1. Any residue in the stretch 1-14 that is of a type in the set (A, V, I, L, M, F, W, C) sitting within a Cβ distance under 9 Å of a residue that is at pLDDT 95 or above and not in a helix (DSSP H, G or I)? List the pairs, counting only those 6 or more apart or interchain.
2. Going residue by residue through the stretch 21-28, is there one that turns out to be modelled with pLDDT under 95, surrounded by 12 or more Cβ atoms within 10 Å (Cβ to Cβ) and of a type in the set (Gly, Ala, Ser)?
3. With respect to Val41, determine if the residue is free of Cβ contacts under 8 Å to residues at least 12 places away in the same chain and surrounded by fewer than 13 Cβ atoms within 10 Å (Cβ to Cβ).
4. Take the stretch 44-61 and flag every residue that is surrounded by 16 or more Cβ atoms within 10 Å (Cβ to Cβ) and either outside any helix (DSSP H, G or I) or under 8 Å from the mean Cα position of the chain (by Cα) (or both).
Amino acid sequence: MESGPAIFTGTVFCLFGAGLLAWTVSRARQHRPVALGVNRVASTTVAGTVATVSLALGAWCFTRL
């Protein structure tokens, strides 16, 4: 019964992290800003960090099943 929310939460975190990481990598390869009005290096670093943390949280949720 308690595994349902863990599966849902892990899936959401993993999908968000994968999408954000794909967006960040595609924008960085095109030498375009990840966020408008922000330093390109800073926005890429922050977005990459958030994506990695989100993927790690999703993986942690799946280990709690």
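The values are calculated or read from the model by the stated rules, or taken from the named source; none is laboratory data. These numbers come from a predicted model, not from an experiment. Glycine gets a Cβ as well: all are built from the backbone with ideal geometry, and neighbour counts include every protein chain shown.
1. Every condition considered, no pair remains.
2. Checked the stretch 21-28: at least one residue is modelled with pLDDT under 95, surrounded by 12 or more Cβ atoms within 10 Å (Cβ to Cβ) and of a type in the set (Gly, Ala, Ser).
3. yes
4. Ala47, Gly48, Ala51, Ser54, Leu55
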